[in-house]
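Down below is the structure, laid out as structure tokens.
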Amino acid sequence: MITGMIIIVFIIFKEFSLKPKNKEIKVDFPNIIKIPKNAKLESFSYNKDTIFLIVNLLNGTQKVIVIDFEDGVEKSREYINIENIN
């Protein structure tokens with residue numbers, strides 16, 4: 001019974017006093033993501049260090065923008081044009 005009480009006290013102490021390590025990169029998206037003028041964002045996806053954007057341009061074409069990060073700093077940006085075949 002004493003062991004159970006010690007475990008309960010330890011769990012309560014752990015939950016309220018110890019802060020978990022946050023390994024996520026905090027990125028200020030509005031300052032780093034810019035899409036071409038007169039374009040609409042259709043899709044947004046990201047994983048650990050890469051952001052994928054699909055935008056629709058006014059002329060009907062689409063573009064994929066791939067942004068790579070390293071330690072929260074933009075490392076590279078690639079633009080891939082998509083041509084829709086009718």
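Laboratory data are not the source of any read-out in this text; all were calculated from the coordinates shown. These numbers come from a predicted model, not from an experiment. Here Cβ is always computed from backbone atoms with ideal geometry, including for glycine, and neighbour counts include all displayed protein chains.
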Report task. Report the full-extension gain for the segment Thr50 to Glu78: residue separation times 0.36 nm, less the Cα-Cα distance, to one decimal in nm. Result -> 9.0 nm
Report task. Calculate, in nm to one decimal, what Ser17 and Thr3 gain on full extension: separation in residues at 0.36 nm each, minus their alpha carbon distance. Result -> 3.0 nm
Requested in this report: Using label points projected 7 Å from each Cα along Cα→Cβ, tell me how many nm separate Gln62 and Glu42, to one decimal.
Outcome: 0.3 nm
